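Novice: Below you'll find the structure I mean.
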Amino acid sequence: MTPSTLSDKRQHVVETAYALFKRAGFHATGIDRIIAEADVAKMTMYRHFPSKDDLIVAVLDYRARRFDDQLDKLAQKSIAPEQKIAEIFDWHRRWFRRPDFHGCLFAHALAEFGDPGHPVFEAVARQKNGLRQRMRSILSEVMPRGRAENVAATLFMLIEGATLMAQMGQGDTALREARKAALDIIAASRRPQ
């Protein structure tokens, strides 16, 4: 097999596991089911992923890269920081409306792997901190760094809460209110204190 074939198989396993984990959860989805759905040999699976935890971390990193790629496109737009933040909320609204929306894969992983020293927990923390840091970076264009950090943390909590509400079937209302609150908080934070 060529290196490309190996990486294609690895990617196929990651995408298959992603779909299964998203629908059924991490603990409920066994390696044998992933092997069967991906139609790969057990040896191929273990060559790429020595443990199920390694596979879960790869799936979370894959999902984080997809999200980051979409936000990178947003960051390139020549729009005001408030508009960039609004677009992050709008991205979430579109996600909530997708027929394959099952809540946040990272929140599900955190619920199943709560030990802060576990590699899955660490992968979740990287993604969540990355979103918060991205918003802080955007906000730092229009407010002092410390204030931007505080506002980003607040906006992050609004997004997380709206995501939970969306999982409960109330995504449009939650996102509309969270987006409005976010823009109000940014406007108030830009005023001299």
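Novice: Among residues belonging to segment 49-72 that are of a type outside the set (A, V, I, L, M, F, W, C) and more than 13 Å from the chain's Cα centre (by Cα), point out the one that is surrounded by the most Cβ atoms within 10 Å (Cβ to Cβ).
Specialist: Among those that are of a type outside the set (A, V, I, L, M, F, W, C) and more than 13 Å from the chain's Cα centre (by Cα), it is 52.
Novice: I've got another one for you. Scan segment 38-64 and report the pairs whose first residue is closer than 15 Å to residue 20 by Cα and whose second residue is outside any helix (DSSP H, G or I), with Cβ atoms within less than 7 Å and a gap of 6+ or a chain change.
Specialist: 55/49; 56/26; 58/49
Novice: Further, regarding this structure: Going through segment 16-37 one residue at a time, which ones are assigned to a helix (DSSP H, G or I), in contact (Cβ under 8 Å) with a residue 40 or more places away in the chain and surrounded by 13 or more Cβ atoms within 10 Å (Cβ to Cβ)?
Specialist: 17, 18, 21, 22
Novice: Turning to a different aspect of this structure: Taking the condition crowded, with 17+ Cβ neighbours inside 10 Å and assigned to a loop (DSSP other than H, G, I, E, B), does residue 13 pass?
Specialist: Criteria not met by residue 13.
Novice: For segment 93-136, name all the residues that are crowded, with 17+ Cβ neighbours inside 10 Å, closer than 26 Å to residue 189 by Cα and either in contact with a Leu (Cβ under 7 Å, 6 or more places away or on another chain) or not charged (D, E, K, R) (or both).
Specialist: 93, 127, 131, 134, 135
Novice: May I pose another question? If I filter segment 146-157 for residues that are among the aromatic types (Phe, Trp, Tyr) and assigned to a helix (DSSP H, G or I), do I get at least one hit?
Specialist: Yes, some residue in segment 146-157 is among the aromatic types (Phe, Trp, Tyr) and assigned to a helix (DSSP H, G or I).
Novice: In addition: For segment 161-193, which residues satisfy the criterion of being closer than 21 Å to residue 111 by Cα and either outside the structural domain of residue 98 (by TED's automatic domain parsing) or surrounded by 16 or more Cβ atoms within 10 Å (Cβ to Cβ) (or both)?
Specialist: Residues satisfying the conditions are 162, 163, 165, 166, 167, 171.
Novice: Sticking with this structure for a sec: Hey, any hits in segment 93-116 for a residue that's among the charged types (D, E, K, R), more than 22 Å from residue 171 (Cβ to Cβ), in a helix (DSSP H, G or I) and touching a residue at least 24 places away in the same chain (Cβ under 8 Å)?
Specialist: Yes: segment 93-116 contains one or more residues that are among the charged types (D, E, K, R), more than 22 Å from residue 171 (Cβ to Cβ), in a helix (DSSP H, G or I) and touching a residue at least 24 places away in the same chain (Cβ under 8 Å).
The values are calculated or read from the model by the stated rules, or taken from the named source; none is laboratory data. These numbers come from a predicted model, not from an experiment. So basically every Cβ, Gly included, is an ideal-geometry build from the backbone, and we count neighbours across all protein chains shown.
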